[in-house]
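Report on the structure given below.
Read-outs throughout are calculated quantities, based only on the coordinates presented, and are distinct from any laboratory measurement. Note that the structure is predicted; figures quoted are calculated from it, not measured. Cβ coordinates were reconstructed from backbone atoms using ideal geometry, including for glycine residues, and neighbour counts include every protein chain displayed.
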Amino acid sequence: MSVIVIDDRERASGICAQLAALHQAYCIQRLAVADYVVNNALYVERKTAVDFMASLADQRLFSQVARMRADNHRAVMIVEGAHLPNRPAVMGALCSLATQWCVPVLRSKDLAQTAWLLARMACHADAHAAPALHGDYHRKHGRQSVHQKMLMLIPGLGPRKARALTDALHTVHGVLTAARGELLRVPGVGPRLADRILSLRAP
């Protein structure tokens, strides 16, 4: 049976008892990335709907995803609890996770359902992924940094502008929190792109 590694900070959630009730093998240790690792191959991040919205607002979401996808690890995100708001920013983030980062987002109504999903993932952990679903996303953009790849998800922002932004402002957080004047001083960034970047900030 496949083993699920649980980050020790998740123990208080009650997930261990839920997995035990499903007769799913698990162990607990401190994980540097993700909340669970299934069969040493699949990285799983669990978020409540409230935490998902908070991580989208403070720009943690895609940084966490980038760390999970490092070295081409397979990754899944589970969003647990209430429905997510039907806002363009939320829908755009879900589309980006699925299509750009190859991280499917699964919905769960409660912790018991999250445990069931994890157990099912463990059942399928040894199955071979189809080649089209297991491509090397690093090679698509050469040697670009994770920050540049994340910026290139913004419409109208290509490799040169992403590189110019990271050269000037260093990180995605730096770009998204920069003043309009700072953005306009970056070579290749005009008023329309600057306004598009500013529109990504949480209200």
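Would the stretch 35-112 count as rounded, prolate or oblate if I go by the C-alpha gyration tensor, calling it rounded below 1.5 in a/c and otherwise prolate when a/b exceeds b/c, oblate otherwise?
oblate
For the chain, what is the calculated [θ] at 222 nm in deg cm²/dmol (nearest 500), taking -39500 (n - 2.57) for each run of four or more DSSP H residues and dividing by its residue count?
Helix-only estimate at 222 nm: -12000 deg cm²/dmol.
Which order, highest average first, do 72-79, 30-37, 6-13 follow once you tally other Cβ atoms within 10 Å for each residue and take the mean per peptide?
Highest-to-lowest ranking by the protection proxy: 72-79, 30-37, 6-13.
Within the stretch 1-121, what percent of beta bridges assigned by DSSP are antiparallel, to the nearest 5?
30
So if each residue of separation counts as 0.36 nm, and I subtract the Cα-Cα distance between VAL33 and HIS73, what length gain in nm does that give?
Length gained between VAL33 and HIS73: 13.3 nm.
Could you check what % of the DSSP bridge pairs in the chain are antiparallel, to the nearest 5? Working shown, then result.
Working: 6 of 21 bridges.
In the chain, approximately 30 percent of DSSP beta bridges are antiparallel ones.
Cα to Cα, under 19 Å, and not fewer than 8 places away if on the same chain: which aspartates and glutamates meet these conditions relative to LYS109?
GLU10, ASP35, GLU45, ASP51, GLU80
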